[in-house]
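Structure, as structure tokens:
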Amino acid sequence: MAISARVRTAALAALIVGTGVFAIAVLSGLLYEQGQRARDREQFPPIGRSVDIGGRMLNIYCSGVGQPAVIFESGATWTLYNTPMAMYENGAPRPGYGWVWIQRELARLTTACWYDRAGSGWSDPGPYPRDSASQARDLHALLSAAGVRPPYVLVAESSAALDARVYTGFYPADVAGLVFVNGIHPDFFSRTRGGGRGARFPEFVGHSQDVAAQVFNQIGLYRFASTRHPAAAPSAPKEMTTSEWNTIWHLTQAAKARSALLQDIASWQQSRTQALSAGSLGGRPLIVLSSENTAVATQYRAVWMELQADLARLSERGKQVVVRQSNGDLTYQAPDAVVEAVRQVVGEVRPQPVRLR
């Protein structure tokens, strides 16, 4: 009996000590993360303006005048990679600031806006689920609160193509035309994973993983991991300044972006179903910009291009434009092609002046 009592006492003491150590570690992580965020704000001050969409702030930046307004939507590329590690290292959603050069060019033509989706760039994280329906509602609330009036031309890259399709289904009167920039097809992930574990990957994540992603972000685990193995920034695209590219790279590699990535993965099945249910794009002009994407495994590149062509068939006025001079990153490597595609769609939807005889 005495031995049993001593064991219980020792176990209780170990539990108390362990709980105390855990609490100290969590508190230290919280303080560390908050301190690093303050440093980030000094080093990379927000560009744009924060808009309240109901208890959360989303960041948006607009320039230029005229209609239709061009809205740039950044997405995530995790679906292109075959392993969870590659998805995590390369697939995080980009900040809206990644459109900076393209937006600057198109602002000479009309109103042009980029924004940071929830959890990316300078925007607050969003609640579960972070599926395409939630992204579409966020964008609608943001544009309304920011006073950016429709009609819109939605320019969506990678997974944001799903969000743009759902947005058009929710708010058809708002959308005049679309441009997809290497947009993800809803069937691509399933078509390239066969029956192995990779095909089932999204099924293992859900609400609990979403919560874990946000907790890890708050206590600094993502930041700590990234500082131990920092990724080197590639050379800046020729159209961007070093300062612009450093900001984009920092925001893309930020701990918050890793959290947003896991939220995106957790909601993949919902987003896929929502995009398929959104239906066609009717008679809206649509340009699908595609390239031979080197992020896609070699054996799946034919599937990639086949599905890109299928995206163009979403609209009665859809067409695919294949860009050969890029390895897949059209936003950074072929921005002129993006600008030209948007100009074409804006020209198609903009009312033409009446000529008097």
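Working with all protein chains in place, sort Met240, Met57 by solvent-accessible area computed with a 1.4 Å probe, largest first. Mind showing how you got there, number by number?
On the way: Met240 20, Met57 65 Å².
Solvent-accessible surface, decreasing: Met57, Met240.
Expressed as a whole percent, the accessible area of the stretch 90-161 that falls on carbon and sulfur atoms is 47 (1.4 Å probe). Residues whose amide H falls under 5 Å from that of Ser315, counting only those 5 or more places apart or on a different chain, are Leu281, with hydrogens built in the peptide plane. Counted over all Cα-Cα pairs of the stretch 115-165, pairs farther apart than 12 Å make up 68 percent.
Given in Å, the Rg to one decimal and the Dmax to the nearest whole number for the Cα atoms of the stretch 227-315 are 17.5, 51. FRET efficiency for the pair Thr298 and Ala233, taken as 1/(1 + (r/R0)^6) with r the Cβ-Cβ distance and R0 = 22 Å, rounds to 0.25. Using heavy atoms of the protein chains and a probe of 1.4 Å, the accessible area assigned to Val70 is about 0 Å².
The 1.4 Å probe gives accessible areas that order Phe189, Phe170, largest first, as Phe170, Phe189.
About the centre of its Cα atoms, the stretch 234-357 shows a dipole size close to 440 debye [charges on the beta carbon of Lys, Arg (+1) and Asp, Glu (-1) only; nearest 20 debye]. Dividing the convex hull volume of the alpha carbon atoms of the stretch 87-146 by its residue count gives 110 Å³ per residue.
If you stretched the chain out fully between Arg317 and Thr242, how much longer would it get, using 0.36 nm times the residue separation minus the C-alpha to C-alpha distance?
Details: separation 75, 0.36 × 75 = 27.00 nm, distance 3.88 nm.
Net length gain for the segment: 23.1 nm.
The values are calculated or read from the model by the stated rules, or taken from the named source; none is laboratory data. Fair warning: this is a prediction, and the values are worked out from it, not measured in the lab. Backbone-built Cβ (ideal geometry, glycine too); neighbour counts: all protein chains shown. All accessible areas refer to the heavy atoms of the entire protein, side chains included, with ligands and DNA or RNA removed. Shrake-Rupley method; radii C 1.70, N 1.55, O 1.52, S 1.80 Å.
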